[in-house]
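Since the structure comes first, as structure tokens, the remarks are kept for the end.
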Amino acid sequence: MTGSASLSRLTLAHTADGSLVLRVEGRAAMRDSVVVRHTAEHVIGDEKRSLVLDLSGCTHADSTFLGDLIGLHKEFGTGAEARLTIAAPSQACRDEFKINHLDSMLQIVDRAPEPTDQGVTLAVPEVPLRELGEHVLQAHQHLAEEDVPNAKAYRAIVERIARALKKSV
């Protein structure tokens, strides 16, 4: 059994300064955040390059995607070695950031860099249910640890997912 189909498009392209830009279009949900995380870990962690997440075409970000943005920001977007930037979030994303108090937490710039190529569309593959559950758990842990309005609800979600994952072993 796997997670549901993606309602988004993810495009990875080069920029003039050597960084990469990952454009998220449509609804950014849990399966999309798995691809965004793997891409960030590869680009930033393995290749030691900077990554810009262009959210100008993102129409919605679910709680898993938001939680994973927090995790990616903590891992790659702070300090002198920051190599992750969130760029040009759509009004819908800005509203979700504000509602969840993430607007002051995340490094956000108003414009994404122009890509120098057409980029490549990243496939959002089916994700095994256990892997997806672990990813959703981790993303919600990030939300539960922050001073966000629904932190208590996110903690309850973390507890339920952790119990379900433990039973499935």
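So the values come out like this:
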{"quantity": "Considering residues of segment 135-169 that are touching a Ser or Thr at 6+ places or on another chain (Cβ under 7 Å) and among the aliphatic types (A, V, I, L, M) only, the residue farthest from Val35 (Cα to Cα)", "calculated": "Leu143"}
{"quantity": "Long-range neighbours under 6 Å by Cβ, at least six apart or interchain, first residue at positive phi within segment 13-41, second in a helix (DSSP H, G or I) and at pLDDT 95 or above", "calculated": "none"}
{"quantity": "Among the residues listed as Arg111, Arg155, the single one being out of contact with any Gly (no Cβ under 7 Å at 6 or more places or on another chain), charged (D, E, K, R) and in a loop (DSSP other than H, G, I, E, B)", "calculated": "Arg111"}
{"quantity": "Long-range neighbours under 8 Å by Cβ, at least six apart or interchain, first residue touching a residue at least 12 places away in the same chain (Cβ under 8 Å) within segment 81-96, second of a type in the set (Phe, Trp, Tyr)", "calculated": "Ala82/Phe76; Arg83/Phe76; Leu84/Phe76; Pro89/Phe97"}
{"quantity": "Residues of segment 75-94 satisfying the condition of being at pLDDT 90 or above and either loosely packed, with under 14 Cβ neighbours inside 10 Å or part of a loop (DSSP other than H, G, I, E, B) (or both)", "calculated": "Arg83, Ala88, Pro89, Ser90, Gln91"}
{"quantity": "Enumeration of residues in segment 14-73 that are assigned to a loop (DSSP other than H, G, I, E, B), aliphatic (A, V, I, L, M) and either modelled with pLDDT of 95 or more or out of contact with any His (no Cβ under 9 Å at 6 or more places or on another chain) (or both)", "calculated": "Ala16"}
{"quantity": "Of the criteria (1) of a type outside the set (Phe, Trp, Tyr); (2) part of a strand (DSSP E or B); (3) within 27 Å of Val148 (Cα to Cα), which one Arg9 fails", "calculated": "(3)"}
{"quantity": "Lone unmet requirement of (1) loosely packed, with under 14 Cβ neighbours inside 10 Å; (2) over 22 Å from Ser8 (Cα atoms); (3) of a type outside the set (Phe, Trp, Tyr) for Asn150", "calculated": "(1)"}
{"quantity": "Residue within segment 128-144 that is over 19 Å from Val158 (Cβ atoms), at pLDDT below 95 and among the charged types (D, E, K, R) present", "calculated": "no"}
{"quantity": "When residues of segment 52-65 are limited to those that are in contact (Cβ under 8 Å) with a residue 60 or more places away in the chain and crowded, with 24+ Cβ neighbours inside 10 Å, the one farthest from Leu132 (Cα to Cα)", "calculated": "Val52"}
{"quantity": "Segment 154-169, residues that are aliphatic (A, V, I, L, M) and under 20 Å from the mean Cα position of the chain (by Cα)", "calculated": "Ile157, Val158, Ile161"}
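The values are calculated or read from the model by the stated rules, or taken from the named source; none is laboratory data. Quick caveat: nothing in here was measured; it's all calculated off a predicted structure. Glycine gets a Cβ as well: all are built from the backbone with ideal geometry, and neighbour counts include every protein chain shown.
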